[in-house]
Amino acid sequence: MPELPEVEAWVRELDPLVSAFPIERAGPAHVATLKTIDPPLSSLDGRRLAGARRRGKHLLFPTEDGELVLRVHLMTAGRLRYVAPGGKGPKTPMFRLRFVGGCELVLTEAGKKKRAGVWLSTPDQVEADLAHLGPDALELDEAGLTEILSGERRQLHPLLRDQRVIAGIGRAHANEILNRARLSPFKLSSELDEKETVRLAAAIHEDLERALELREREKDDRDVYRVHNRLGEPCPTCGTPIARVDYEEHTVYYCPTCQTGGRVLKDRRLSRLLR
């Protein structure tokens, strides 16, 4: 799933491109992708976008007149592409935005499950729809994190992934951050001491800023992720083989030596919870 660094890199790339020309035609959009019907996509025709923005993992494209916002969430398999005039784009994207001059912004989605979404709303509606999001992970400081941790009693991995608590972090970067902070994914947030909180706050920024820099250089997952999806490979800190715990919807990757005191949780159903 695209997370904060990848989405922010797209925003920085797309910002000058999508505002260069007026929109010639918005759509068509797949019935599973378009989540709103009023106002219709045709309301964008002839308008100019003010650029690209981001809230958590949501991409926002406000119109220059301030009346509308096109919102895109890529979910697990969605991808955005900017196609220059004469460039070869997909024949049947999930969504297409064509600009005067022939350039296009297209949304594609791999797999059978079509979960990516496109919304066209007023600015006020977007604010209401995204009001549940927590503070942006890149803007979260140590004091803010301390306040969040003091009000929660949850395992760190699901806490970091909860967009209502901290916006922008997903499964992959939760693995990366906790490895960098040398904290167990299964440790309770209420049990962190001051030094551990400081490490976690620093790890959030170090990991996301590093990943953003690499994404801006168009590096892929193998360059960005040091722990995620690297089962059996050496931990970047101590060299211990990376272990994992499989859940129905996600997988936790961690270093037993750096994060769980040498203990390996082989099967969440048969092993007791690591703290």
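The table for this structure:
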read-out: Total lysine pairs whose alpha carbons fall under 24 Å of each other in the range 4-129 (8 or more apart, or interchain); value: 13
read-out: Percentage relative contact order, the chain, counting C-alpha pairs under 8 Å, at least six apart; value: 16
read-out: Size of the range 137-259 as Cα extents on the principal axes (Å, biggest first); value: 35, 31, 29
read-out: Added length on full extension, which subtracts the Cα-Cα distance from 0.36 nm per residue, residue 37 to residue 222; value: 62.7 nm
read-out: Eligible aspartates and glutamates near residue 219 by straight Cα distance, threshold 18 Å, same-chain separation 8 or greater; value: 3, 6, 8, 13, 176, 206, 207, 209
read-out: In nm, spacing of pseudo-spin labels at residue 209 and residue 162 (7 Å Cα→C-beta vector); value: 2.7
read-out: Partners for residue 187 among lysines (Cα-Cα distance below 21 Å; same-chain residues under 8 apart left out); value: 195, 266
read-out: Cα-projected label distance for residue 202 with residue 15, points at 7 Å along beta-carbon direction, nm; value: 2.9
read-out: Residue-averaged 222 nm ellipticity for the chain, from DSSP H runs of 4+ at -39500 (n - 2.57), nearest 500; value: -8500 deg cm²/dmol
read-out: Furthest towards positive pole of dipole, 255, 87, 168, structure part the chain, Cβ charges; value: 255
read-out: Simple label model, 7 Å out from Cα along Cβ direction - residue 91 to residue 125, nm; value: 3.4
read-out: Loop-located GluC sites (Glu not before Pro) in the range 24-98, at most 15 other Cβ atoms within 10 Å (DSSP); value: 64, 67
read-out: Amide N of the range 55-95 lying under 13 Å from the label point, which is placed 7 angstrom from the Cα of residue 110 along Cα→Cβ; value: 76-80
read-out: Per DSSP, loop GluC sites (Glu not before Pro) in the range 131-224 with at most 10 further Cβ within 10 Å; value: 218
read-out: For the chain, size of Cβ-based charge dipole, Lys and Arg +1, Asp and Glu -1, in debye; value: 1300
read-out: HN-Hα J in Hz across the range 159-165 - Karplus 6.51, -1.76, 1.60, θ = phi - 60°, x for Gly and Pro; value: 5, 5, 7, 6, 5, 6, 9
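Readers should treat all values here as calculations from the given coordinates under stated rules, not as data from a laboratory. All values derive from a computational prediction rather than experimental measurement. Cβ: placed from backbone, ideal geometry, glycine included. Neighbour counts: every protein chain shown.
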